[in-house]
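Read the figures in this text as sums done on the coordinates, not as results from a lab. It should be emphasised that the depicted structure is a prediction, and the values quoted were computed from it without experimental measurement. All Cβ positions, glycine included, derive from the backbone under ideal geometry; neighbour counts span all protein chains shown.
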Amino acid sequence: MPHSLLIISRQPPWSGPNAREALDIALAGGAFDLPLGMLFLDDGVLQLLPLQSAAQLQQKDLTANLQALSMFGVEDLFACHTSLVERGMSPNELSVEPIQVLRDHEIAELIDRYDQVITI
Amino acid sequence: MKQLIVDGRTIALDKDGYLEDLHDWSNEVAQALALEEDIALTPDHWEILELLRAFYAEYQLSPATRPLVKYTALKLGADKGNSLHLNRLFNGTPAKLAAKLAGLPKPTNCL
Amino acid sequence: MSTLHVLSHSPFADSRLSSCLRVLGHEDAILLCGDAVYALTPATAARQTLDAKADSLQLFILDEDVKARNLTPPDWVRSVDYPGFVELSVQFDKVNTWL
């Protein structure tokens, strides 16, 4: 049984490479059938805002790519409730579905469950 | 730079033979690309190429093998959404070759 | 399973430290290195937050980064050198580096 990996994505979508790198790890790992989870924390939850427009910035469409996670076998998706509330976001209006919204203590338990964790 | 000439039109290809510009794609271009790979396109091929273009329109990326199989099974059923069927159609490397013939970029998440 | 959370960014620039403290498990520990050791600066909100958790928090700091910045760690914090850092990485079930 391969080690399970939790990827914690905590950077916003358009201003740097980190959100893209976190997603690339998830897609590559999923393509190879690794047991993966992905948690959106801090500014990472901004990736989940609906109706964003990558074309305005001549960038690859990260938010469209995020939709592919389940096709790549990455179905354990989580978002931090505190981070959403801090940013005025509603747990019911996220662009990626299904996604579990977790309280802080549930995130501690989530991290605990995985063999390895990477925070980007 | 590689290129392909279809109906007198010059189509630019990258070093691996994928279209430089996704908008250059047409049925004739797909047939010319397939000819380079010694594949005669059948209706079975075409439905996968159309499926791939739909995948790209939705997700803005080319699928690796596993998501291609999953998406095909979802849209066309399990008798077509399996690696046996896809391997047979696309010379054993469906993700790479079907993306090429569908005019999509080379999938980045598959070896 | 226990996790060692490794932080290296200044607590004044970003939310890594506060987020890490929010999602910290009972068996987890934090190691501050690089600019993250500025969290020990006296009379700052970061230092006060840490001091308030002195009873429950396992906090390690990388000695040379603290000394380089002329900071004084409180008594309840444990200093480690690089070999100590390596030892900790092995002791805990996993290491989560907040890049």
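Summary of values
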item	result
Hits in region A:35-56 (condition: within 13 Å of another protein chain (Cβ to nearest Cβ), over 16 Å from the mean Cα position of the chain (by Cα) and of a type outside the set (S, T, N, Q))	A:54, A:55
Failed criterion for residue A:26 (all others in (1) buried (at least 17 other Cβ atoms within 10 Å of the Cβ); (2) at the interface with another protein chain (Cβ under 9 Å from one of its Cβ atoms) hold)	(2)
Matching residues, region C:77-96, being within 14 Å of another protein chain (Cβ to nearest Cβ) and surrounded by 17 or more Cβ atoms within 10 Å (Cβ to Cβ)	C:92, C:94, C:95, C:96
One residue from B:29, B:69 being crowded, with 18+ Cβ neighbours inside 10 Å and under 22 Å from residue A:26 (Cβ atoms)	B:69
Residue within region B:94-104 that is away from every other protein chain (no Cβ under 14 Å) and free of Cβ contacts under 8 Å to residues at least 60 places away in the same chain present	yes
Selection within region B:68-82 - under 19 Å from residue A:68 (Cα atoms) and either among the acidic types (Asp, Glu) or touching a residue at least 12 places away in the same chain (Cβ under 8 Å) (or both)	B:68, B:69, B:71, B:72, B:75, B:76, B:81, B:82
Criterion (surrounded by fewer than 18 Cβ atoms within 10 Å (Cβ to Cβ), farther than 25 Å from residue A:39 by Cα, touching a helix residue (DSSP H, G or I) at 6+ places or on another chain (Cβ under 8 Å) and aliphatic (A, V, I, L, M)) met by exactly one of C:62, C:71, C:99, C:40	C:71
Residue within region C:54-76 that is in a loop (DSSP other than H, G, I, E, B), of a type outside the set (A, V, I, L, M), under 16 Å from residue C:3 (Cα atoms) and within 14 Å of chain A (Cβ to nearest Cβ) present	yes
Qualifying residue in region B:47-62 (condition: in contact (Cβ under 8 Å) with a residue 40 or more places away in the chain, aromatic (Phe, Trp, Tyr) and under 21 Å from residue B:4 (Cα atoms))	no
Output for region C:20-53, where each listed residue is away from every other protein chain (no Cβ under 14 Å) and assigned to a strand (DSSP E or B)	C:32
Scope region C:19-45; condition of a type in the set (Gly, Ala, Ser), touching an Asp or Glu at 6+ places or on another chain (Cβ under 9 Å) and under 24 Å from residue A:5 (Cα atoms); matching residues	C:19, C:25
Subset of region A:1-21 that is touching a Phe, Trp or Tyr at 6+ places or on another chain (Cβ under 9 Å) and buried (at least 22 other Cβ atoms within 10 Å of the Cβ) - its residue that is farthest from residue A:72 (Cα to Cα)	A:10
Tally, over region B:17-53, of residues that are within 14 Å of residue B:105 (Cα to Cα) and in contact with a strand residue (DSSP E or B) (Cβ under 9 Å, 6 or more places away or on another chain)	7
Enumerated helices (runs of 4 or more DSSP H) restricted to region A:57-117, each holding at least 1 residues that are among the β-branched types (Val, Ile, Thr) and away from chain B (no Cβ under 14 Å)	A:81-86, A:104-113
